[in-house]
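Okay, structure first, notes after.
The values are calculated or read from the model by the stated rules, or taken from the named source; none is laboratory data. If you're wondering where the values come from, they're calculated on a predicted model, not measured in any experiment. Positions of Cβ are backbone-derived with ideal geometry, glycine not excepted, and every protein chain shown enters the neighbour counts.
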């Protein structure tokens with residue numbers, strides 16, 4: 001079995017690479033011994049902290065037709081597509097977002113269509129396909145109403161993947177990812193950055209500014225759970241998806257207050273006191289438009305799983321990154 | 001005021017051209033005296049049955065970049081986009097459908113984005129964005145689940161138009177059209193062809209075959225009502241659409257039995273006896289997947305209107321085409 005990961009240098013991509021080749025006990029061993037080759041592809045080369053001669057690390061531009069034609073010949077059995085221009089950047093540079101988030105995906109689908117072998121295509125989509133005027137509870141039957149170009153481009157890619165799958169050109173699965181908490185590394189420019197910062201920075205002895213109110217709720221998924229669900233999605237028989245390959249992953253909804261309570265329980269009062277309140281009405285107003293209540297029975301019936309609790313998420317982060 | 005109609009040679013396009021320049025009394029006079037120029041554009045030249053020196057009829061390929069750049073320079077005030085590869089053809093020729101129904105629309109949006117003047121862009125979409133597993137009643141909040149490449153391409157174009165409008169690149173309005181009854185002319189290869197045939201053929205003294213059961217229900221709009229609503233959509237202030245430029249037009253849902261009862265009332269038993277029953281399980285199975293129950297409060301609140309009754313629709317057809 002041959003696997004290709006596009007966008008493999010990001011923290012999800014790196015984690016996915018490791019989980020596929022050398023899974024931790026709790027992540028299960030779906031493909032470990034079946035994989036004969038794994039191409040880890042991104043703009044830059046990132047060397048993993050392990051040796052494996054099945055792993056080939058390549059760098060290039062996945063928007064480039066010839067590069068992709070070469071990468072998909074021979075066609076892999078499974079493609080994980082994680083590469084994207086993120087929300088803020090796609091809003092700032094519309095053409096770049098369209099090129100990377102839409103046209104490049106469309107190009108990969110065309111290459112799959114032209115191939116005799118039809119790969120499983122796992123696409124990292126986003127809950128940001130929702131926004132604006134929404135029903136109180138969102139399900140897989142709710143119309144996407146993206147309020148960003150990023151969300152629009154992802155919603156369009158989902159529709160393309162559905163139709164290419166219906167016609168047998170590819171065997172697609174689009175997963176709508178919740179906000180990922182705890183992201184390792186540094187704070188970034190994403191509006192959701194605070195959700196990881198208020199956990200990560202205090203645990204590293206650093207002050208974190210919280211721009212939103214204590215009762216602000218967010219819909220989250222841990223990095224470990226995202227990777228488990230990405231791998232799981234590729235094992236589901238196509239027929240179980242019915243006529244729709246799009247699934248909103250089952251996150252958990254937590255308030256900032258619940259996050260800080262869990263953090264205090266695990267790391268003490270002194271750690272939590274490193275969170276400073278710095279209300280930012282602009283960020284608050286954006287975060288308030290994010291959907292937080294999802295009905296995810298369909299995802300559960302397909303075998304996708306959610307994190308146990310925010311406490312468990314923070315505990316795992318401490319175990320992996322701090323200790 | 002300058003208007004461009006793309007796909008002007010079809011029966012809706014011809015009717016729209018006439019209604020804009022020389023409206024019948026019941027169609028209202030939205031633009032009649034404001035229009036200084038109207039370009040009627042299609043693959044072929046169709047000469048209208050009236051003279052008007054504001055009207056310019058042009059033929060060409062609207063997928064061609066240079067043709068469109070020329071047509072949109074200077075940029076019209078309003079563009080009506082009616083041209084499409086229909087359902088059956090887009091299913092048979094995937095690449096052609098993608099080119100005409102998606103890439104050509106995307107190209108027009110890009111040309112609007114590049115222009116200093118942002119036109120009103122009225123897009124003829126379709127209720128065929130729905131299919132497969134659907135809730136009992138469909139509203140503008142229901143996720144499109146197209147079961148055809150045609151429906152997929154239209155749903156994607158709607159999302160693009162929403163985002164281009166949100167960003168101020170164009171002032172778009174996407175109308176989801178019900179099945180149009182009574183289409184003038186000959187039966188065609190469309191699965192919905194019977195809905196017009198069972199009215200039109202008997203009124204012309206010709207036998208019509210009905211492939212579906214008497215209790216089969218369809219969601220319909222008359223040609224007159226479609227044109228009224230297309231024109232109306234271009235007069236609505238953008239702000240009234242809120243964050244969503246997509247509207248399902250308010251059709252009426254009628255059964256085959258109700259159609260034939262109305263036909264008998266207007267044209268007599270002998271006329272209706274020209275309808276022969278020729279059950280076609282394949283057509284029946286497709287028609288059964290079409291949604292028939294829509295909640296269209298939003299369309300009504302935006303001032304769109306529905307036909308009065310199937311009796312009125314048939315009466316208008318008789319008045320226009322038979323007498």
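Tell me the residue from B:259, B:246 that is surrounded by 22 or more Cβ atoms within 10 Å (Cβ to Cβ) and outside the structural domain of residue B:13 (by TED's automatic domain parsing), please.
Values: B:246 fails: outside the structural domain of residue B:13 (by TED's automatic domain parsing).
None of the other options fit; the residue is B:259.
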_Considering only residues that are surrounded by 23 or more Cβ atoms within 10 Å (Cβ to Cβ) and either part of a helix (DSSP H, G or I) or at pLDDT below 95 (or both), which ones fall in segment B:166-175?_
none
*Restricting attention to segment B:12-44, which residues are assigned to a helix (DSSP H, G or I) and loosely packed, with under 15 Cβ neighbours inside 10 Å?*
B:25, B:26
*asked:* Within segment B:104-111, does at least one residue satisfy the condition of being closer than 21 Å to residue B:14 by Cα and either in a strand (DSSP E or B) or assigned by TED's automatic domain parsing to the domain that holds residue B:231 (or both)?
replied: yes
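Restricting to segment A:243-266, name every residue that is over 20 Å from residue A:218 (Cβ atoms) and out of contact with any strand residue (DSSP E or B) (no Cβ under 7 Å at 6 or more places or on another chain).
A:243, A:244
Residue by residue, here is whether (1) closer than 28 Å to residue A:258 by Cα; (2) within 9 Å of another protein chain (Cβ to nearest Cβ); (3) touching a helix residue (DSSP H, G or I) at 6+ places or on another chain (Cβ under 8 Å); (4) not in a helix (DSSP H, G or I) holds:
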site	(1), (2), (3), (4)
A:131	yes, yes, yes, yes
A:144	no, yes, yes, yes
A:155	no, yes, yes, no
A:159	no, yes, yes, no
A:162	no, yes, yes, no
A:186	yes, no, no, yes
A:189	yes, no, yes, yes
A:196	yes, no, no, no
A:199	yes, no, yes, no
*asked:* Condition (residue is surrounded by fewer than 22 Cβ atoms within 10 Å (Cβ to Cβ), under 30 Å from residue A:292 (Cβ atoms) and at the interface with another protein chain (Cβ under 9 Å from one of its Cβ atoms)) applied to segment A:109-123: is it met by at least one residue?
replied: no
*Test result for residue B:61, touching a helix residue (DSSP H, G or I) at 6+ places or on another chain (Cβ under 8 Å), surrounded by fewer than 17 Cβ atoms within 10 Å (Cβ to Cβ) and farther than 22 Å from residue B:188 by Cα*: yes
*Could you list, in sequence order, the residues of segment A:274-311 that are under 24 Å from residue A:206 (Cβ atoms) and without any contact (Cβ under 8 Å) to a residue 12 or more places away in the chain?*
A:282
*Check B:176, B:167 and return the single one that is farther than 30 Å from residue B:272 by Cα and within 11 Å of chain A (Cβ to nearest Cβ).*
B:167
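Filter segment A:116-129 down to the residues that are out of contact with any strand residue (DSSP E or B) (no Cβ under 8 Å at 6 or more places or on another chain) and assigned to a loop (DSSP other than H, G, I, E, B), then identify the one that is nearest to residue A:76 (Cα to Cα). Write out each step before concluding.
Taking segment A:116-129 first, the residues out of contact with any strand residue (DSSP E or B) (no Cβ under 8 Å at 6 or more places or on another chain) are A:116-117, A:128.
Cutting the leftovers down to assigned to a loop (DSSP other than H, G, I, E, B) gives us A:116-117.
Details: A:116: 12, A:117: 8 Å.
Looking at residues that are out of contact with any strand residue (DSSP E or B) (no Cβ under 8 Å at 6 or more places or on another chain) and assigned to a loop (DSSP other than H, G, I, E, B), I get A:117.
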*In this structure, does residue A:82 turn out to be in contact (Cβ under 8 Å) with a residue 24 or more places away in the chain, closer than 21 Å to residue A:176 by Cβ, away from chain B (no Cβ under 14 Å) and touching a strand residue (DSSP E or B) at 6+ places or on another chain (Cβ under 9 Å)?*
yes
*Can residue A:48 be described as out of contact with any strand residue (DSSP E or B) (no Cβ under 6 Å at 6 or more places or on another chain), more than 20 Å from residue A:228 (Cβ to Cβ) and touching a residue at least 24 places away in the same chain (Cβ under 8 Å)?*
no
